[in-house]
Amino acid sequence: MLPEMNILADMGTEMMWCDIGGPNKTAEFASSWFNRAMIQGRQVALNARCGLPGDFDTPEYAQYNGVQRQKWESSAGMDPYSYGFNRATPLASYMNASAIVTTLVDIVSKNGNFLLDIGPTANGTILDIEQQHLREAGRWIKSHAEAIYDTSYWVVAPEEGQHIRFTTSQDAFYIHCLIRPNATLTLSSPIPWVEGDKLTVVGGHMHGVEIPSIKTGDGKRSV
């Protein structure tokens, strides 16, 4: 793999994403690549599948249970069994829009990236069912983009269970509910909320609508 990796490096690659194991020459490659990038004033990164610990981990068809301080990336296919097209996979088994969105929000809230594989057919065609799910997910993501893109993780994992996630930006704190909430949502996690803060809906038909929020007697926040 060393000649191929050097070719990619010479093309100006900034991120080397390997999927190799066993004996390798990654240390030899990385020492040259990192030193050249430093001289050129460029930042480069290596994943954890190149034979070295790497700059970021890449779990496959898996996600971490909690926030990770080190950047990471989860890869998965819309086909739950294969990255490539598998004619034996039932159409109903492909990842739907809801699964794409909730997976993305979960990973982003834990300081990760989501690498989603489509797996086209041999002639490059994307299955209709995949196109439908991707477009539906895309509409939701576009509508809620400010709560996902250019955000960071919140340092405290949610204490409310598996359906609440947090992201932050320089001027906002975002609360994601992965299921339809009840009329009142109560949070016990420590969040950056103080009296006078405004809580508004992001995305959907209620985008921009301000909703009331209070601090309860036991220190929890209800919205």
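The values are calculated or read from the model by the stated rules, or taken from the named source; none is laboratory data. Note that the coordinates shown come from a computational prediction; the quantities given were computed from them, not determined experimentally. Every residue, glycine as well, gets a Cβ built from its backbone with ideal geometry; the counts of neighbours run over all protein chains shown. Side chains included, ligands, DNA and RNA excluded: accessible areas come from the protein's heavy atoms. Shrake-Rupley method; radii C 1.70, N 1.55, O 1.52, S 1.80 Å.
Among the listed residues VAL108, VAL67, VAL101, which satisfies the condition of being touching a residue at least 60 places away in the same chain (Cβ under 8 Å) and under 23 Å from GLU159 (Cα atoms)?
VAL67
What are the residues in the stretch 71-84 that are touching a residue at least 40 places away in the same chain (Cβ under 8 Å) and more than 13 Å from the chain's Cα centre (by Cα), if any?
GLY77, MET78, ASP79
So is LEU178 over 20 Å from ASN111 (Cβ atoms), open to solvent by 40 Å² or more (accessible area, probe 1.4 Å), modelled with pLDDT of 85 or more and in contact with a helix residue (DSSP H, G or I) (Cβ under 8 Å, 6 or more places away or on another chain) or not?
So LEU178 does not fit the description; no.
Counting only residues that are surrounded by 13 or more Cβ atoms within 10 Å (Cβ to Cβ) and under 16 Å from the mean Cα position of the chain (by Cα), how many does the stretch 119-151 have?
11
Is it true that some residue in the stretch 183-193 is under 17 Å from the mean Cα position of the chain (by Cα) and open to solvent by less than 70 Å² (accessible area, probe 1.4 Å)? Before you say what the answer is, go through the steps one by one.
So the first thing to find is which residues in the stretch 183-193 are under 17 Å from the mean Cα position of the chain (by Cα), and the list is none.
No, the stretch 183-193 contains no residue that is under 17 Å from the mean Cα position of the chain (by Cα) and open to solvent by less than 70 Å² (accessible area, probe 1.4 Å).
Just one of the numbered conditions (1) open to solvent by less than 60 Å² (accessible area, probe 1.4 Å); (2) in a loop (DSSP other than H, G, I, E, B); (3) more than 26 Å from ARG180 (Cβ to Cβ); (4) not small (Gly, Ala, Ser) is not true of MET95; which one?
All conditions are met except number (3).
Going through the stretch 48-92 one residue at a time, which ones are open to solvent by 70 Å² or more (accessible area, probe 1.4 Å), among the hydrophobic types (A, V, I, L, M, F, W, C) and part of a loop (DSSP other than H, G, I, E, B)?
Residues satisfying the conditions are PHE85, ALA88.
Consider only pairs whose beta carbons are under 9 Å apart and that are at least six residues apart or on different chains; among these, list those whose first residue lies in the stretch 186-205 and is of a type in the set (D, E, K, R) and whose second residue is open to solvent by less than 70 Å² (accessible area, probe 1.4 Å) and modelled with pLDDT under 90.
ASP197/SER213; LYS198/SER213
Mind listing just one residue for me: the one in the stretch 152-171 that is β-branched (Val, Ile, Thr) and in a loop (DSSP other than H, G, I, E, B) and, of those, most open to solvent (accessible area, probe 1.4 Å)? Write out each step before concluding.
Start the filter on the stretch 152-171 by keeping residues that are β-branched (Val, Ile, Thr), which leaves 155-156, 164, 167-168.
Checking which are in a loop (DSSP other than H, G, I, E, B) leaves us with 155-156.
On the way: VAL155: 85, VAL156: 46 Å².
Ranking the candidates gives VAL155 first.
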